[in-house]
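Shown next, in structure tokens, is the structure this report addresses.
The values are calculated or read from the model by the stated rules, or taken from the named source; none is laboratory data. All figures in this text were calculated on a predicted structure; none of them were measured in a lab. Cβ placement follows ideal geometry from the backbone for every residue including glycine, while neighbour counts extend to all protein chains displayed.
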């Protein structure tokens with residue numbers, strides 16, 4: 001009898017395991033209709049040579065691009081020591097210690113976004129790179145020529161630009177196609193940023209690994225799909241491609257920043273912001289355009305209420321948060337608190 005019971009138990013466990021495996025396989029197929037694994041290269045990376053990327057990395061960390069040599073791109077978009085392309089502040093201080101009015105978005109995987117900034121005012125990474133250097137609150141340089149003159153007078157950049165942009169003249173910038181130009185500064189920074197690709201366990205899952213996600217992460221993915229979070233957070237980045245009103249079903253408390261309306265003055269654009277991409281979201285707190293939401297769990301709960309008019313249970317919040325943590329760069333997962 002004991003042997004029979006052992007056999008029956010083994011058969012039941014095997015059957016349960018097979019059903020679970022089938023369920024996961026179905027979920028993988030369904031997820032692939034909504035989301036996409038990270039490609040190997042970002043758009044517009046065809047001309048990103050090793051020399052251009054190396055120059056861009058140097059410029060990304062170059063504080064001399066600011067008015068008082070105190071601020072670089074990396075000051076707000078930190079990449080080292082487990083940081084995920086942000087500084088984890090509600091809003092960031094600039095070269096003169098003035099605070100910006102919006103939360104700094106991550107630069108990780110950002111080349112797959114439809115546009116850049118919370119209001120989409122830059123169409124790509126190159127245009128985005130031009131903005132903060134001249135922003136009076138951020139890096140504070142007065143104009144493009146001042147930036148070019150400053151970089152041109154740093155000897156180490158002469159050879160670096162010549163290698164990164166062959167066919168241009170570096171020596172005195174006397175040709176119509178100088179190597180050291182504001183456009184090329186931005187192009188180089190963008191080339192470096194296009195290397196910031198962060199595959200996660202969720203990519204392994206989308207690529208067919210049925211063991212890539214844990215049980216609570218799988219539950220979170222199912223809830224994420226069922227609640228229709230996917231209607232905005234889909235595609236490669238689970239966001240970053242569309243614009244939605246913050247407070248679609250219930251108004252957001254902070255109405256001071258009216259989003260895209262500030263650019264267009266179109267009444268229909270009030271409180272519209274670019275949908276935030278969710279990759280690495282577990283490491284990019286605080287959240288929303290104003291950085292007023294402190295934790296991932298708070299963000300999940302509030303977004304459900306604001307956008308879907310759903311009041312989530314504690315279990316649902318925890319499961320969705322677990323799934324979102326699985327979107328973290330595999331090299332940075334150990335930094336999740």
For the list (1) in contact with a strand residue (DSSP E or B) (Cβ under 7 Å, 6 or more places away or on another chain); (2) surrounded by fewer than 20 Cβ atoms within 10 Å (Cβ to Cβ); (3) at pLDDT 95 or above, I need the number of the one condition that residue 150 fails. (1)
Only unsatisfied item for residue 42, checking (1) part of a loop (DSSP other than H, G, I, E, B); (2) farther than 26 Å from residue 285 by Cα; (3) in contact with a helix residue (DSSP H, G or I) (Cβ under 6 Å, 6 or more places away or on another chain), is (2)
Residue list for segment 189-212, restricted to those being touching a residue at least 40 places away in the same chain (Cβ under 8 Å) and not in a loop (DSSP other than H, G, I, E, B): 189, 190, 191, 192, 193, 200, 201, 202, 203, 205, 206
Of the numbered conditions (1) more than 15 Å from the chain's Cα centre (by Cα); (2) within 26 Å of residue 151 (Cβ to Cβ); (3) without any contact (Cβ under 8 Å) to a residue 60 or more places away in the chain, residue 78 satisfies every one except a single condition; which is it? (1)
Log entry, pairs with first residue in segment 271-295 being in the same structural domain as residue 99 (by TED's automatic domain parsing), second being surrounded by 22 or more Cβ atoms within 10 Å (Cβ to Cβ), beta carbons closer than 7 Å, six or more apart or on different chains, reads none
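Every residue, every condition in (1) assigned by TED's automatic domain parsing to the domain that holds residue 146; (2) exposed (fewer than 15 other Cβ atoms within 10 Å of the Cβ); (3) out of contact with any strand residue (DSSP E or B) (no Cβ under 8 Å at 6 or more places or on another chain), yes or no:
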{"position": "31", "(1), (2), (3)": "no, no, yes"}
{"position": "60", "(1), (2), (3)": "yes, no, yes"}
{"position": "75", "(1), (2), (3)": "yes, no, yes"}
{"position": "78", "(1), (2), (3)": "yes, no, yes"}
{"position": "102", "(1), (2), (3)": "yes, no, yes"}
{"position": "106", "(1), (2), (3)": "yes, no, yes"}
{"position": "110", "(1), (2), (3)": "yes, no, no"}
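Rundown of residues vs (1) farther than 28 Å from residue 290 by Cα; (2) surrounded by fewer than 22 Cβ atoms within 10 Å (Cβ to Cβ), yes/no style:
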{"site": "123", "(1), (2)": "no, yes"}
{"site": "145", "(1), (2)": "yes, yes"}
{"site": "154", "(1), (2)": "yes, yes"}
{"site": "188", "(1), (2)": "yes, no"}
Residue identified as surrounded by fewer than 17 Cβ atoms within 10 Å (Cβ to Cβ) and modelled with pLDDT of 95 or more among 184, 207, 176: 207
Residue check for residue 10: modelled with pLDDT of 95 or more and over 20 Å from residue 276 (Cα atoms): no
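Does residue 217 meet the test of being in the same structural domain as residue 282 (by TED's automatic domain parsing), touching a helix residue (DSSP H, G or I) at 6+ places or on another chain (Cβ under 6 Å) and in contact (Cβ under 8 Å) with a residue 40 or more places away in the chain?
Working: in the same structural domain as residue 282 (by TED's automatic domain parsing): yes; touching a helix residue (DSSP H, G or I) at 6+ places or on another chain (Cβ under 6 Å): yes; in contact (Cβ under 8 Å) with a residue 40 or more places away in the chain: yes.
Here the answer is yes, as residue 217 does meet what is asked.
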All but one of (1) touching a strand residue (DSSP E or B) at 6+ places or on another chain (Cβ under 7 Å); (2) within 18 Å of residue 307 (Cα to Cα); (3) touching a residue at least 60 places away in the same chain (Cβ under 8 Å) hold for residue 229, so report the exception by its number. (1)
Which members of segment 80-100 meet the condition of being touching a strand residue (DSSP E or B) at 6+ places or on another chain (Cβ under 6 Å) and buried (at least 23 other Cβ atoms within 10 Å of the Cβ)? none
